[in-house]
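Here the structure is laid out as structure tokens; the discussion comes afterwards.
The values are calculated or read from the model by the stated rules, or taken from the named source; none is laboratory data. Only a predicted model underlies this, so the values are computations on that prediction, with no experimental measurement involved. Backbone-built Cβ (ideal geometry, glycine too); neighbour counts: all protein chains shown.
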Amino acid sequence: MTTIKATMPGVFYRRPSPEADPYVAEGAAISEGQTIALIEVMKTFNEVKSEVSGTVTKFLIDDGDEVSMGQDIIEVDGA
Amino acid sequence: MRVLVANRGEIALRIIRACHEAGAEAVAVYSDADKDSRWVQLADAAEHIGKSAAAKSYLNADAVLAAAKASGADAVHPGYGFLSENAGFARRVRQEGLIFVGPPAEVIEKMGDKATARRTAVEAGVPVVPGSGPVTDAGEAETVAADIGFPLLVKASAGGGGRGIRPVHDASELAEVFATAKAEATAAFGDGTLYLERMVAEARHIEVQVLADDHGNVVHVYERDCSVQRRRQKLIEEAPAAELGDDVRAAITSASVRLAEYVGYRNAGTVEFLLAPDGEFYFMEMNTRIQVEHPVTEVVTGVDLLAEQLRIAAGEPLSFSQGDIALEGAAVELRINAEDPGNNFVPTPGELARFDLPGGPGIRVDSGFVAGDRISPFYDSMLAKLICWGADRQQALARARQALAELRIEGVSSTASLHGELLGDPELAGGPVHTRWLEGRLG
């Protein structure tokens, strides 16, 4: 079990735009370097890329919530 | 009057100051992140409206309206950004029996939709960039493009702020760019509607400030040049536009008044144009609110735009007529943002450890912050606007250089170093530049 942490403070989004599907769903497989979320910092959108490969077991933060630097955001299994 | 200030940062403070000068009370609103901010302290009352994320506070119409009612406000000033150009919000404010400091909701709607705004400008006899209506497929695009000519731009109807625009340099590129743009627009805006527009090379961004009251008075307050842009974000604005010429000035300002009259405009607004090197100008859009760069107009005309906004909102006539205002001197505004120009303009939230602001003759600083404030990641990156007035453009630029030399910002990065370089650039000092100048210079 690995936890992906926020690399910057801002607002956390699971989808590329409000109407789009989430980048990844809970239970989905992800690979290293894959974009898994966005963090908005001062109206700039930054892609969050996974540093690990594995299966997303849990999002620890809701879409649109505030996130602080270093906060745990996603649990990944099998990494 | 008791005015709810539905905004944050320097424009909230600007509105509060205008209220106090007019003998009105100002009620601030604030998110979690802005609880201890300077504008909240300087307001007569303050209402908490939600969490730090803008969608949960300053963009939340329900929360802002609830704050207006709870505070006993009888007017709402939306500032710029956030809910300022949200027609539904303006309508709800009025339905609650409150004054919206801005134009009627129908006018916001009309000018907020690009295609409608363009059609309205044509009806009002204001020139627009040669272009098309909605284009459905690449085949139709080829037919339309032949009439418009190359180079041209493919634009998303639902885009804005520079998003959803792609250049096409010649006919061979058209089909592919059109297909890509359609896919992008569908993904980004949920609407794949596209239109084509001629690309005006080496154009300047010239905008005209207008004011209109309930008594039939519609005036312009001259123009601003906002051509120094990066990714359509303005970094330096000037008034008046250098080397514009009396004929073009007369034509562009009267076109703006004509449009404002035609749409039944009320309160403060800005009509934005592209000005081609040959002196032809084309309507781009109308912003139905006060703008960030309004101070340069104030310092070269002596017109207090916020004071006039409040007068108009209260049903009073403008305090002056067109013949009363004249241009005096020149002004330049530097938008100092918490971004690192040495690292692709990455935003840098953090604590404003040091914040020494400049002063002296002709210098005005509009900022919502003081040293020790935390510059939060939740909102835009603007730290301060330095507005520098001189008897002529050269003096204004010289004072701007002096102001930058006095400015000390520590704890976050800022664009001040870039502003310093630009003010030292002989091209900018020598006269007007076009909207692609800065991007070309940055490489």
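Structural remarks
Per-residue answers, yes or no, for (1) in a loop (DSSP other than H, G, I, E, B); (2) aromatic (Phe, Trp, Tyr); (3) closer than 19 Å to B:Tyr282 by Cα:
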site	(1), (2), (3)
B:Val126	yes, no, yes
B:Gly139	no, no, no
B:Thr143	no, no, no
B:Asp147	no, no, yes
B:Lys155	no, no, yes
B:Ala158	no, no, no
B:Ala175	no, no, no
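- Looking across B:Leu274, B:Leu327, one residue alone is within 30 Å of B:Thr116 (Cβ to Cβ) and either out of contact with any strand residue (DSSP E or B) (no Cβ under 9 Å at 6 or more places or on another chain) or of a type in the set (A, V, I, L, M, F, W, C) (or both). It is B:Leu274.
- Any hit, the stretch A:57-64, residues being closer than 18 Å to B:Tyr379 by Cα, within 12 Å of chain B (Cβ to nearest Cβ), surrounded by 16 or more Cβ atoms within 10 Å (Cβ to Cβ) and more than 10 Å from the chain's Cα centre (by Cα): yes
- Check on B:Ala33, of a type in the set (A, V, I, L, M, F, W, C) and either within 14 Å of chain A (Cβ to nearest Cβ) or crowded, with 18+ Cβ neighbours inside 10 Å (or both): yes
- Cβ pairs under 7 Å, 6+ apart, first in the stretch B:41-59 and within 11 Å of chain A (Cβ to nearest Cβ) and in contact (Cβ under 8 Å) with a residue 60 or more places away in the chain, second surrounded by fewer than 19 Cβ atoms within 10 Å (Cβ to Cβ) and among the charged types (D, E, K, R): B:Ser52/B:Asp32
- Looking only at the stretch B:194-235, residues that are modelled with pLDDT under 95 and β-branched (Val, Ile, Thr) come to 1 in all.
- Among the residues of the stretch B:118-129, the ones that are crowded, with 20+ Cβ neighbours inside 10 Å and either touching a helix residue (DSSP H, G or I) at 6+ places or on another chain (Cβ under 8 Å) or closer than 22 Å to B:Leu310 by Cα (or both) come to 3 in all.
Table: residues versus (1) among the β-branched types (Val, Ile, Thr); (2) within 14 Å of chain A (Cβ to nearest Cβ); (3) under 11 Å from B:Ile409 (Cα atoms); (4) touching a strand residue (DSSP E or B) at 6+ places or on another chain (Cβ under 8 Å).
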{"residue": "B:Phe355", "(1), (2), (3), (4)": "no, no, yes, yes"}
{"residue": "B:Pro361", "(1), (2), (3), (4)": "no, no, no, no"}
{"residue": "B:Gly368", "(1), (2), (3), (4)": "no, no, no, no"}
{"residue": "B:Pro377", "(1), (2), (3), (4)": "no, yes, no, yes"}
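- Note on the stretch B:411-421: residues that are surrounded by fewer than 22 Cβ atoms within 10 Å (Cβ to Cβ) and assigned to a helix (DSSP H, G or I) total 4.
- Given (1) of a type in the set (D, E, K, R); (2) out of contact with any Pro (no Cβ under 6 Å at 6 or more places or on another chain); (3) under 20 Å from B:Lys56 (Cβ atoms); (4) more than 9 Å from chain B (Cβ to nearest Cβ), index of the condition A:Asp77 fails: (3)
- When residues of the stretch A:23-55 are limited to those that are within 14 Å of chain B (Cβ to nearest Cβ) and part of a loop (DSSP other than H, G, I, E, B), the one surrounded by the fewest Cβ atoms within 10 Å (Cβ to Cβ): A:Lys43
Each row is one residue, and each column tells you yes or no for (1) in a helix (DSSP H, G or I); (2) at pLDDT 95 or above; (3) under 22 Å from B:Leu352 (Cα atoms).
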site	(1), (2), (3)
B:Val3	no, yes, no
B:Asn7	no, yes, yes
B:Glu10	yes, yes, yes
B:Ile15	yes, yes, no
B:Cys19	yes, yes, no
B:Tyr30	no, yes, yes
B:Gln41	yes, yes, yes
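- Verdict on B:Val200 being among the β-branched types (Val, Ile, Thr), within 21 Å of B:Phe281 (Cβ to Cβ) and in a strand (DSSP E or B): no
- Condition check for B:Leu383: surrounded by fewer than 19 Cβ atoms within 10 Å (Cβ to Cβ) and within 26 Å of B:Glu272 (Cα to Cα): no
- Residue within the stretch B:85-104 that is small (Gly, Ala, Ser), more than 22 Å from B:Arg266 (Cα to Cα) and surrounded by 24 or more Cβ atoms within 10 Å (Cβ to Cβ) present: no
- B:Gly23 vs. criteria assigned to a loop (DSSP other than H, G, I, E, B) and within 14 Å of chain A (Cβ to nearest Cβ): no
- Whenever a residue of the stretch B:62-73 is at pLDDT 95 or above, its partners that are among the basic types (Lys, Arg), lying with C-beta atoms within less than 7 angstrom and at least six residues away or across chains, give the pairs B:Leu65/B:Arg92; B:Gly72/B:Arg2; B:Ala73/B:Arg2.
- Any hit, the stretch B:178-192, residues being away from every other protein chain (no Cβ under 14 Å), surrounded by fewer than 21 Cβ atoms within 10 Å (Cβ to Cβ) and part of a strand (DSSP E or B): no
- The strands (runs of 3 or more DSSP E) found wholly in the stretch B:306-410 and carrying at least 1 residues that are under 24 Å from the mean Cα position of the chain (by Cα) and at pLDDT 95 or above occupy B:330-337, B:363-366, B:382-390.
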